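Have a look at this one before I ask anything.
Coordinate-derived values only; no laboratory data. Predicted, not measured: the structure shown is a model, and the values here were computed from it. Backbone-built Cβ (ideal geometry, glycine too); neighbour counts: all protein chains shown.
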Amino acid sequence: MPEGHTIHRLALDHRERFAGETVRASSPQGRFAAGAALVDGRVLERAEAHGKHLFLGFGPAGWIHIHLGLFGKLGFGTAPAPPATDTVRLRLATGEHHADLRGPTACALITDAEKQAIHDRLGPDPLRPEDDGERAWRRISRSRTTVAALLLDQKVVAGVGNVYRAEVLFRRGIDPYLPGKALARDDWDAIWADLAALMREGVRHNRIDTVRPEHLPEAMGRPPRVDDHGGEVYVYRRAHQPCHLCATEIRTADLAARNLFWCPRCQPAHAG
Ligand SMILES: [Zn+2]
């Protein structure tokens, strides 16, 4: 499942290629044929993301709402576009660019009100400039649920996935099993600010990097990480390897149906 920075990056990719342009829309696969016909030949006015939801705005025709889910993919190309295969749910194209959407969980044409309803049920997103951590704090500070589970709950904070949750808790030295209501306000403010900074870097580089300069392989004289996901991290998918800071073995456990990773020494268990 892509994390929020990937969806914000896709919104940016759409803006760069299509914003202000008259766009041809089609559904080679047929499942979005009616929606595509309604936006075909219109100008893409907006492209924005909230958490893992992507919204493409076509003025009075409404918004295309896309959620990639686990298997969805968006691919971009330049003209001439190859013939679309019948796995393409939505193709957007101009004379210069095209974007092909395959296998999303959701692809639907929605109204402003329906879009607002989606924003309303999502928590604040560290990458949306108009959002702040206050609404999330109100839920977290009242909850007995662990902070690790709360961070993955899209109703609490939108866009955080398994990598960012593990890494921000490590960077702040927070026990992932700490109940939300036991989290200190200044720790939450620091986590929110850290999420915003790390995720903005993620949009820029289209990759998750969470390691501070002094802990990079070159600085520490250690070999770089070998992982399909790229990026240097402290704990994510480093189970049983030594912590970069204290050499304690990184631990893993299942939490909120996803693998959690943490350092028991740098993130000591809270009392009680
Ligand atoms: Zn450690």
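List the trypsin sites (Lys or Arg not before Pro) within the range 1-83 that fall in a DSSP loop (any state other than H, G, I, E or B) and whose Cβ has at most 15 other Cβ atoms within 10 Å.
R31
Can I ask one more? Tell me, what ³J(HN,Hα) does each residue in the range 33-43 have, in order and in whole Hz, if you take phi through Karplus 6.51 cos²θ - 1.76 cosθ + 1.60 with θ = phi - 60° and put x for Gly and Pro?
For the range 33-43, the Karplus-derived couplings read 4, 5, x, 4, 4, 6, 9, 4, x, 9, 8 Hz, x marking Gly and Pro.
How many percent of Cα pairs in the chain exceed 30 Å?
36 percent
Kindly provide the chymotrypsin sites (Phe, Trp or Tyr not before Pro) of the range 1-79 that DSSP labels as loop, not H, G, I, E or B, and whose Cβ sees at most 15 other Cβ atoms within 10 Å. Before the final figure, lay out the partial values.
On the way: sites: F18, F32, F55, F58, W63, F71, F76; in loops: F32, F58, F71.
Hits after loop and neighbour filter: F71.
About the Cα centre of the chain, what is the dipole size in debye to 20, counting +1 per Lys and Arg Cβ and -1 per Asp and Glu Cβ, all else neutral?
Details: 37 positive and 34 negative charges, 122 e Å.
In total the dipole reaches around 580 debye.
Let me spell out the model: positive unit charges on the Cβ of Lys and Arg, negative unit charges on the Cβ of Asp and Glu, origin at the Cα centre of the range 191-252. What dipole size does that give, in debye rounded to 20? Working shown, then result.
Numbers: 9 positive and 9 negative charges, 20 e Å.
With Lys and Arg at +1 and Asp and Glu at -1, about 100 debye.
Let me ask you something else. Name the residue from A79, L260, V233 whose Cα lies farthest towards the positive end of the charge dipole of the chain, charges +1 on Cβ of Lys and Arg and -1 on Cβ of Asp and Glu.
Final value for the positive-end residue is L260.
Also, I was wondering about something else. Across the range 180-195, in residue order, what do the Karplus-derived ³J(HN,Hα) couplings come to in whole Hz, using 6.51 cos²θ - 1.76 cosθ + 1.60 with θ = phi - 60° and x for Gly and Pro?
For the range 180-195, the Karplus-derived couplings read x, 5, 9, 6, 6, 4, 5, 5, 5, 4, 5, 5, 4, 5, 5, 4 Hz, x marking Gly and Pro.
In degrees from 0 to 90, rounded to the nearest 10, what is the angle of the helix 4-18 Cα long axis to the longest principal axis of the chain?
30 degrees
When the Karplus curve 6.51 cos²θ - 1.76 cosθ + 1.60 is applied with θ = phi - 60°, which whole-Hz ³J(HN,Hα) does each residue of the range 63-72 get, with x for Gly and Pro?
10, 8, 9, 10, 10, 6, x, 7, 10, x
With an 8 Å Cα cut-off and a minimum separation of 6 or more residues, compute the relative contact order for the chain in percent.
15 percent
Taking loop as defined by DSSP and a crowding limit of 15 other beta carbons within 10 Å, which trypsin sites (Lys or Arg not before Pro) in the range 106-192 fit? Don't skip to the answer; put the middle values down first.
Working: sites: K115, R121, R135, R138, R139, R142, R144, K155, R165, R171, R172, K181, R185; in loops: R142, R144, K155.
Answer by residue number: R142, R144, K155.
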